[in-house]
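The values are calculated or read from the model by the stated rules, or taken from the named source; none is laboratory data. From a predicted model like this one, the values you see are computed outputs, not experimental measurements. Don't worry about glycine lacking a Cβ; one is built from the backbone with ideal geometry, like all the others, and counts go over all protein chains shown. These accessible areas exclude ligands, DNA and RNA; they are computed on the full protein's heavy atoms, side chains included. Shrake-Rupley method; radii C 1.70, N 1.55, O 1.52, S 1.80 Å.
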Amino acid sequence: MRASRPSRRAVLAGAAAAAALTAVPLSQGRALAVSATTTYRWRNVVQGGTGFVTGVLFHPAVRGLAYARTDIGGAYRWDDSAARWTPLTDHLGWDDWNLLGVEAMAIDPAHPDRLYLALGTYAQPWASNGAVLRSDDRGATWARTDLTVKLGANEDGRGCGERLLVDPRDSDTLWLGTRHDGLLKSTDRGATWAPATGFPVTPSASGQGVTLLVAAGRTLYAGWGDSDGTAANLYRTADGTTWEAVAGQPSGAAAKVPIRAAYDKHTRQLYLTYADAPGPNGQSDGSVHVLCTADGKWREVTPVKPGGTTADGGTDSFGYGGVAVDARRPGTLVVSTNNRWALVDTVFRSTDGGRSWTSLKDSAVLDVSETPYLRWGADAPKFGWWIQALALDPYDSRHIVYGTGATLYGTRDLKNWAPQIRGLEEASARLLISPPAGAAHLISGSGDIGVMYHEKLTASPSRGMASNPVFGTATGLAQAAAKPAYVVRTGWGDHGNGAYSNDGGQTWAPFAAQPALAKDAPGPIAVNADGSVLLWVFVHWDGTRYPAHRSTDNGAGWAEVPSFPKGATPVADPADPTRFYAYDTDTGTLLASTDSGATFTARASGLPAGDSQFELVAAPGRAGDLWLSVKGNGLYRSTDGGAGFSRVGSCRAAYTLGFGKAADGAAYPAVYLVGTIESITAVYRSDDEAKTWVRINDDRHQWGWTGEAITGDPRIHGRVYLATNGRGIQYGEPV
């Protein structure tokens, strides 16, 4: 569902300059203003969620206080007076991008201002270790402890229960369940951690490990995700030292993995949801059970058993996900199905301890007028999918919220539902265009939600996702420089993989034809300055690269371009419609076409090559003015169409670069950069062709990974749009 890691990982690394590369001494063009910071106001471009909300916690002692976690976009606190979410982890910077995924949250019922987060997006060998943040002011400020283990907030099982818990017997004691390193314990409020003694299971390097931690009175329960369906998967401790398997617990495929748990203190019942896989994908069976903690007796309370037959003869397969109890009404609870694609997921509600259930989907009225993209090109929105986060307001029995793969739905009357997502923006943004004219100042392309046309920056686009066809993930987005009404896009779609617009991106039509490669390997696309030629590149999700194809009839016909380097991103010259460029990262060579993309020949060589990140960008309105940003190897520029490049001495490392309206009195567009100037990786602007730079973000606004795309506004000097991998699109303006 999400980008598996910062997605533009391929392509350049530190080769020495040679032949056509003319190195500029570092003393020339050294940044003179790298220590200065221009004050900017940063805000999200409003899309309205768009990512997987994996957990929601209401505080039991404070009305209106709640927290949300996401798989790659950090944590949030609910501001009840403003009815919106406040981001809490935007301070995490470039080096800490792996900490934007929140594996688990914990609140302290006895100390309402305390909040704990367990952070770590990936548990893979290439990812950094996890960390625990602890706050005494509800996430306004943090203290941090780096762990020696890895966490996996964007891996399978990310929608399971909270793996972090404050011990109800001692607020200084915390427990943390990990995927591959067992159970950890802290006795100093998360400042230090050590393996918990007495936990009776052995972790594996590839399993799920602990899937949930929950307190039932003074007894702690831990779910274990690595059972084969016959061995125990639920353990408890009454003294914090001795753990034992819970007797009589359910077994079998439908109860293989404990997903979530909730405790009804009035009836002393512990409710648990189960599935045959951790989810959010891959579940086909599941169940719901309740343990009476007073006498140890179990009973099954599954609302509907998976495996039935649908009206069209299919199989109604799914697991169970979220569970929450009503703090005000004993025996009242809600549970959710998960991965139920045939009949669509639902939330079931019971008022008699699970003896009978009502599907809230059956009477639901969904209002998505505030976030129209949730229709996904259909006439009406779905009730939900990937429903594992489910919460019930302890102060309002009719206030329920549940997370999906794209939003948070909420109700206050059990019938009318609408997104409760304001302020929570989690898109993995990849592509940005700021048109020089027209109603929209921004067109964007993202993972999962395709392309959006932003009439306003402060409201979710009224047109929702670009349709005809709808794309799940955008892979290409381009505008004809001399004909800005013409825009093209590519991506992963079920009904075509390429489309064009003649009204600046407001409405779309699919290409009349597409190469066969487009279905399984849609990649980036470019359009020449006058809109007469398209170049489409094909790259499979596994990295396999294929020949580019060219169209001269608006996508009605396509022909292979054998001389184009496979997998390279095509760049059109903004002033000369006969010119295209491409950077071959395997050889460190710039190739150019002077016949409208029909053939490509090598120009500059000896440029950085290898498996690193690169980006080739053409300066607006200028023929042959090219900029090449290279991770770890700086910034390079050519003013002769790629025949030769010079290194820009003011920049140590460059990740993504774009242009905006020139400053008053300046002859060259403003240059915007995510890169390293001196020793600080940040967001910068230059008004003098990269001779000097000024930092325009600050330590409170860093958003982890920001290396996908950046562009200035061609109509407003100083305004910049920044794509992030999990915090949507940020836009900044000088104040």
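Using θ = phi - 60° in the Karplus curve 6.51 cos²θ - 1.76 cosθ + 1.60, the 3J(HN,Hα) couplings for segment 661-668 round to 4, 5, 5, 3, x, 8, 8, 10 Hz; x is entered for Gly and Pro. You can think of it this way: the chain between S206 and L343 has 46.1 nm of extra reach, that is 0.36 nm per residue less the Cα-Cα gap.
In straight-distance terms, cross-link reach from K631 covers every one of the lysines whose alpha-carbon lies under 29 Å from its own, apart from those fewer than eight places away in the same chain; here that gives K150, K566, K661, K691. For segment 460-474, the Karplus equation 6.51 cos²θ - 1.76 cosθ + 1.60, evaluated at θ = phi - 60°, returns couplings of 4, x, 5, 8, x, 6, 4, 10, 6, x, 7, 9, x, 10, 7 Hz by residue, with Gly and Pro reported as x. Among the protein heavy atoms of segment 288-424, carbon and sulfur supply 46% of the accessible surface, probe 1.4 Å, non-protein parts ignored. Taking a Cβ cut-off of under 10 Å around V301, the surrounding Lys, Arg, Asp and Glu residues balance to a net charge of 0, with basic ones at +1 and acidic ones at -1. Under the combined filter of DSSP loop state and at most 16 neighbouring Cβ atoms within 10 Å, segment 416-508 retains these GluC sites (Glu not before Pro): E455. Near A342, once Lys and Arg are set to +1 and Asp and Glu to -1 for all other residues with Cβ below 13 Å from its Cβ, the sum equals -1.
Within straight cross-link reach of K415, meaning Cα distance under 14 Å, which aspartates and glutamates are found once same-chain residues fewer than 8 apart are removed? Once the sequence-local aspartates and glutamates are set aside, what remains near K415 is D362, D367. For segment 430-435, backbone phi angles converted through the Karplus equation (6.51, -1.76, 1.60; θ = phi - 60°) give residue-by-residue couplings of 10, 9, 9, 10, 10, x Hz, Gly and Pro being listed as x. Close amide H contacts of T70 (hydrogens built in the peptide plane, cut-off under 5 Å, sequence separation of 5 or more or a different chain): T54, V102. Averaged over its residues, the chain has an accessible area of 35 Å² per residue, based on protein heavy atoms and a 1.4 Å probe. Once both labels are positioned 7 Å from their Cα atoms along Cα-to-Cβ, the gap between W541 and A82 label points is 3.6 nm. Look at where the Cα atoms of segment 522-543 and of segment 364-393 average out, and the two centres are 33 Å apart. Taken along the Cα-to-beta-carbon direction at a fixed 7 Å, the label points for D698 and A623 span 4.6 nm. Proximity of backbone amide H atoms, modeled 1.01 Å from N, is registered between G93 and G704 at under 5 Å, excluding neighbours fewer than 5 places apart on the same chain.
Note on exposure: S356, S596 ranked by accessible area (1.4 Å probe, complete protein assembly) read S356, S596, with the most exposed listed first.
Computed over neighbours whose Cβ is under 14 Å from that of A499, the net charge equals 0, Lys and Arg +1, Asp and Glu -1. Heavy-atom accessible area with a 1.4 Å probe sorts R550, R603, R695, largest first, into R603, R550, R695.
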